[in-house]
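Just below is one structure, and these are the notes that go with it.
The values are calculated or read from the model by the stated rules, or taken from the named source; none is laboratory data. This is a predicted model, so every value here is computed, not measured. All Cβ positions, even for glycine, are placed from backbone atoms using ideal geometry, and neighbour counts span all protein chains on display. When the accessible area is computed, the model is the full protein with side chains, heavy atoms only, and any ligands, DNA or RNA have been set aside. Shrake-Rupley method; radii C 1.70, N 1.55, O 1.52, S 1.80 Å.
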Amino acid sequence: MSLTFHWFLPTNGDSRHVVGGGHGTPATASGRDRPPTVGYLSQIARAAEDLGFEGALTPAGAWCEDAWLTTAMVSRHTERLKFLVAFRPGFVSPTLAAQMASTFQRQSGGRLLLNVVTGGESHEQRAYGDFLDKDDRYRRTGEFLQIVRELWEGKTVDLKGEHLRVEDARLARVPDPVPEVYFGGSSPIAGEIAARHVDVYLTWGEPPARVAEKIAWIRGLAARQGRTLRFGIRLHVITRDTSEAAWAEADRLLAGFDPATVASVQAGLARSESEGQRRMLALHGGDRNGLEIHPNLWAGIGLVRGGAGTALVGSHTEVADRIKEYAALGIEEFVLSGYPHLEEAYWFGEGVLPRLAAEGLWTHPAGEKEASVQVPFAT
């Protein structure tokens, strides 16, 4: 089995400190350290491409730049890297979204992946004119994906659903290849949608035992639909030559968390309707103590950031071992990030990926001839 690794484009801004925000909370002031210009994001994208990451995730929401527009511009500065574009299906018609994806595929050389974000925060959704409740948003997502997938197959679609309606919908040109659909969600209705419609189910970085439970749950739902899915996990990383150096960096980041900011962010996230966000908050309870919730799994990021709130922290070998632990559960794709994203891409790409390659668990997407990374810190 060859594992797949994706990096992250911080379209909310980057910093040597943690940039908070997400799930209805605004980006923190540190996000102004490195504005998310096309030039800077392209630096990160080119580094990720050279190091061997398959793709790069972009977030969605009022706290960041638009993912479609930003990745379209950054794609012109890369050659191989794919873009895992997060979008919310309630904000655009399914026919237009299918057309946009088809255009992106042709203009980028087939480098689009789609991360469907239903939206767990009603107050943020209402700011965009979406007044459905959470369960109805998921049901609409199911109808949306049904329409989009049939359009991508070249079908003419007529559907009168509970939330969406199209008549005589078709695409002049279908995408080639068809973009893979990534999706996450921890509520019962989210599991049902994932089982019926998506290619890769994503979970946030919980301890392995809880991740195993999620995988078993989704596998069972998918099997009842006659389908099989791949599984991915979203994590931050802090990896260094030694364990001591990695934890010193985690301590430095933690020391930069202003107590007032932590309290404000936690109060905002407590309003979240997202089951996944609730599970993230339960890992630390807003407390700075006891943040290592599993060996090398640190919940500190979640004190100031919504969504993915855990990081793998340790030496390159320790982080590789934790990745192998998740892989043994069935995780095949890892969507990673770190602060700042340019430097941390190199720490992981030069420190961890060669170790996984040496064990036959990872191959550079460009092939052995073009891959330049070696095990740089072997003793």
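Assorted remarks:
- Pick from segment 113-142, criterion without any contact (Cβ under 8 Å) to a residue 40 or more places away in the chain and charged (D, E, K, R), ranking: nearest to GLU333 (Cα to Cα): ASP136
- Complete set of residues in segment 289-314 that are part of a loop (DSSP other than H, G, I, E, B) and farther than 25 Å from SER272 by Cα: PRO295, ASN296
- Which numbered condition TYR201 fails, given (1) within 22 Å of PHE5 (Cα to Cα); (2) open to solvent by 30 Å² or more (accessible area, probe 1.4 Å): (2)
- Restricting attention to segment 306-319, the residues that are crowded, with 24+ Cβ neighbours inside 10 Å and either farther than 15 Å from ARG252 by Cα or modelled with pLDDT under 95 (or both) add up to 7.
- Residues that are assigned to a loop (DSSP other than H, G, I, E, B), under 30 Å from GLU359 (Cα atoms) and either open to solvent by less than 20 Å² (accessible area, probe 1.4 Å) or at pLDDT below 95 (or both) are absent from segment 62-72 altogether.
- Within segment 321-339, one or more residues are open to solvent by less than 10 Å² (accessible area, probe 1.4 Å), among the small types (Gly, Ala, Ser) and more than 27 Å from THR228 (Cβ to Cβ).
- Taken over segment 230-280, the criterion of being crowded, with 21+ Cβ neighbours inside 10 Å and farther than 23 Å from PHE348 by Cβ is satisfied by VAL265, LEU269, SER272, SER274, GLY276, GLN277.
- Counted residues, segment 22-58 - those being open to solvent by 10 Å² or more (accessible area, probe 1.4 Å), small (Gly, Ala, Ser) and in contact with a strand residue (DSSP E or B) (Cβ under 6 Å, 6 or more places away or on another chain): 1
- Residue within segment 136-151 that is open to solvent by 20 Å² or more (accessible area, probe 1.4 Å) and farther than 19 Å from ASP199 by Cα present: yes
- Yes/no for VAL174 being in contact with a Leu (Cβ under 9 Å, 6 or more places away or on another chain), in contact (Cβ under 8 Å) with a residue 12 or more places away in the chain, of a type outside the set (Phe, Trp, Tyr) and part of a loop (DSSP other than H, G, I, E, B): yes
- Selection count, segment 282-296, where residues are open to solvent by 60 Å² or more (accessible area, probe 1.4 Å) and either closer than 20 Å to SER186 by Cα or in contact with a helix residue (DSSP H, G or I) (Cβ under 6 Å, 6 or more places away or on another chain) (or both): 2
- Taking every residue in segment 315-329 that is part of a helix (DSSP H, G or I) and pairing it with any residue that is of a type in the set (Gly, Ala, Ser) and crowded, with 21+ Cβ neighbours inside 10 Å, at least 6 positions away or on another chain, the pairs with Cβ-Cβ distances below 6 Å are HIS316/GLY351.
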